[in-house]
Amino acid sequence: MNFFSRIVNAVRGVFRESHATGGVSIDASEAGWRKLSGDAGRDLTPITHERQRELAVHLWKTNPLANRLIELPVAYLLAEGVALKVADPEAQEWLDAFWRDPINRMSMKLPKKVRELAIMGEQCWPVFVNSITGHMRLGYLDPAQIEKVVTDPDNAEQPIGIVVRQDKRGRTKRYRVITGGPESVFTARTQGIRKTFTDGDCFFFVVNDLSSATRGHSDLLPVIDWLDVYDQALYGEAERWDLLRSFIWDVTLKGATEETVKARAAEIEVPTGGGVRVHNDAEEWKAVAPDIQAGNSAEASRLFRNHILGGVSIPEHWYGGGGDVNRNTASSMDETTEKVMAMRQQVWKHILEMVGQYQVNMRLQAVFGEGFDFTDPDYEVHAEFPEIATKDTSSYAAALQQVIIGAGSAVTQGLLSQESAVAIIAFVATRLGVPIDAAEELERVRASGFSPEDYRLNLDADPAGVAADGRGGAGAWS
């Protein structure tokens, strides 16, 4: 039984003992979850939720594989930098001031926030807004200090307030969760509840949750026990290697009696490295090393490692285990991981846009008052992330050439409209990182005086002549 299983069983014992006093039995298969018919939704019990958070932090600090599972997505999301953009120049200055604020320091703190959301499954940031200028600074509330997340009584998936645990003096705080919309989005009853959260506003974000849950869970939660098993297996291998390097001297005395053996044993000294020993043919020395059948240990370690990596959608070769992977299969494996990371990128895009929009709105409110129209598109904030992975443009470039030829031929033969042909070409061009609006592009071409109806695509033209003609690279218009 591994370390983490012992902890879980100990926690189960506490629950059984406490409930047995009241005459309530607990099923032996229950792993700390509240019953489905209860009113707690899909949350872990408080003690279990706290324990999974502590274990996730501990593993990230001490377990190389766990650390890698967290740090790889952080690097893919943020290594190239992130920026908040808005069309209005003055609003852009407000965002830049927020980003570079000596307390916010988002360029430095954002990796920590991304990391901690993955490790702990939730983030809570109290906000402090200058009542004169509207400038905003972010605070930080450790998820371990959250006593309770209060949800909308009319909408269980919408958090409306955070209750903080009491401090040593018995004081607590109640933060109102920022939703990004006006209070009118809530019913009168919910608005009344939100008014009881009087210690300020905060942002609250969770991952790995369900609609009926109030708390988030660590990315490492499904593999915590397996990470411990893998750790123990590697420590066992280290001990095995130490044993493999050990040996003993086996000395055989031919025809000797028990007394002779004991007497000779008292005389023998273990030879040092490079030492010399002399004996007659009645004495035989042999170095004996243990044979502990270590041949399958590498495959067993790989089995556990791949079970963990597969559980978090990371291929084996991302952790230094190439195996039988070649370039083509590695590329196919990467796509799944990149999709998972792209989903997390969308989560952070929403988070940063929500925070940035709140900052712009606070600034606008300070300048223009409550009646300002916050829906003006010039003040809409966008978060710009780098691409998760560098694309192989060579294949798309070759495809673009073939698509242009095929689409042009179909238009010439009356099998495809110009609009559809440009849409097909635009689809491939987008894969090269050049987004094209097919309708706008066709309109610009027509406005320039060029009409495809006046030309015929010559598929047999010399490519060199086409290039010299300057009208394309895939065929000639004549």
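The values are calculated or read from the model by the stated rules, or taken from the named source; none is laboratory data. What you see is a predicted model, and the numbers here were worked out from it, not measured in a lab. Virtual Cβ from ideal backbone geometry, glycine too; neighbours counted across all protein chains shown.
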Original post:
Residues in region 371-386: is at least one touching a helix residue (DSSP H, G or I) at 6+ places or on another chain (Cβ under 8 Å), at pLDDT below 75 and under 30 Å from residue 135 (Cβ atoms)?
Top reply: yes
Original post:
Counting only residues that are part of a helix (DSSP H, G or I) and more than 21 Å from the chain's Cα centre (by Cα), which one in region 44-78 is farthest from residue 343 (Cα to Cα)?
Top reply: 47
Original post:
Can we say residue 352 is touching a residue at least 24 places away in the same chain (Cβ under 8 Å), over 22 Å from residue 132 (Cβ atoms) and buried (at least 19 other Cβ atoms within 10 Å of the Cβ)?
Top reply: yes
**OP:** Starting from residues that are among the small types (Gly, Ala, Ser) and not in a helix (DSSP H, G or I), keep the ones in region 355-387 and report whichever is surrounded by the most Cβ atoms within 10 Å (Cβ to Cβ).
**Re:** 383
**OP:** List the helices (runs of 4 or more DSSP H) that sit entirely inside region 88-198 and contain at least 3 residues that are free of Cβ contacts under 8 Å to residues at least 24 places away in the same chain and acidic (Asp, Glu).
**Re:** 89-100
Subject >> Filtered residues of region 79-91 (kept if surrounded by fewer than 19 Cβ atoms within 10 Å (Cβ to Cβ) and under 26 Å from residue 342 (Cβ atoms)) >> reply: 79, 80, 81, 83, 85, 87
Original post:
Restricting attention to region 151-178, which residues are β-branched (Val, Ile, Thr) and in contact with a helix residue (DSSP H, G or I) (Cβ under 7 Å, 6 or more places away or on another chain)?
Top reply: 160, 164, 178
**OP:** List every residue pair whose Cβ atoms lie under 8 Å apart, where the two residues are 6 or more positions apart in sequence or sit on different chains, the first residue falls within region 60-74 and is within 17 Å of residue 315 (Cβ to Cβ), and the second residue, located anywhere, is surrounded by 14 or more Cβ atoms within 10 Å (Cβ to Cβ) and hydroxyl-bearing (Ser, Thr, Tyr).
**Re:** 65/230; 65/319; 68/319
**OP:** Please name all residue pairs, on different chains or six or more residues apart, with Cβ atoms under 6 Å, provided the first residue is in region 261-285 and is farther than 13 Å from residue 250 by Cα and the second residue is loosely packed, with under 10 Cβ neighbours inside 10 Å and at pLDDT 75 or above.
**Re:** 282/254
Original post:
So which of 197, 204 is more than 30 Å from residue 302 (Cβ to Cβ) and touching a Cys at 6+ places or on another chain (Cβ under 6 Å)?
Top reply: 204
**OP:** Count, please, the residues in region 161-198 that happen to be more than 22 Å from residue 352 (Cβ to Cβ) and either surrounded by 15 or more Cβ atoms within 10 Å (Cβ to Cβ) or of a type in the set (A, V, I, L, M) (or both).
**Re:** 11
**OP:** Could you tell me which numbered condition residue 120 fails, if it satisfies all but one of (1) surrounded by fewer than 20 Cβ atoms within 10 Å (Cβ to Cβ); (2) farther than 26 Å from residue 186 by Cα?
**Re:** (1)
Subject >> Residue tally, condition farther than 15 Å from residue 203 by Cβ and surrounded by 17 or more Cβ atoms within 10 Å (Cβ to Cβ), over region 136-155 >> reply: 3
Subject >> Filtered residue count, region 408-456, keeping only those that are small (Gly, Ala, Ser), at pLDDT below 75 and surrounded by 15 or more Cβ atoms within 10 Å (Cβ to Cβ) >> reply: 0
Subject >> In region 85-122, the residues that are under 26 Å from residue 219 (Cα atoms) and among the hydrophobic types (A, V, I, L, M, F, W, C) >> reply: 106, 108, 110, 114, 117, 118, 119, 120
Subject >> Residue satisfying condition, being at pLDDT below 50 and either exposed (fewer than 13 other Cβ atoms within 10 Å of the Cβ) or among the aliphatic types (A, V, I, L, M) (or both), within set 10, 97 >> reply: 10
Original post:
From the list 172, 179, which residue is of a type in the set (Val, Ile, Thr) and more than 30 Å from residue 70 (Cβ to Cβ)?
Top reply: 172
Original post:
Mind checking whether some residue in region 389-406 is part of a helix (DSSP H, G or I), of a type in the set (Gly, Ala, Ser), modelled with pLDDT of 80 or more and surrounded by 14 or more Cβ atoms within 10 Å (Cβ to Cβ)?
Top reply: yes
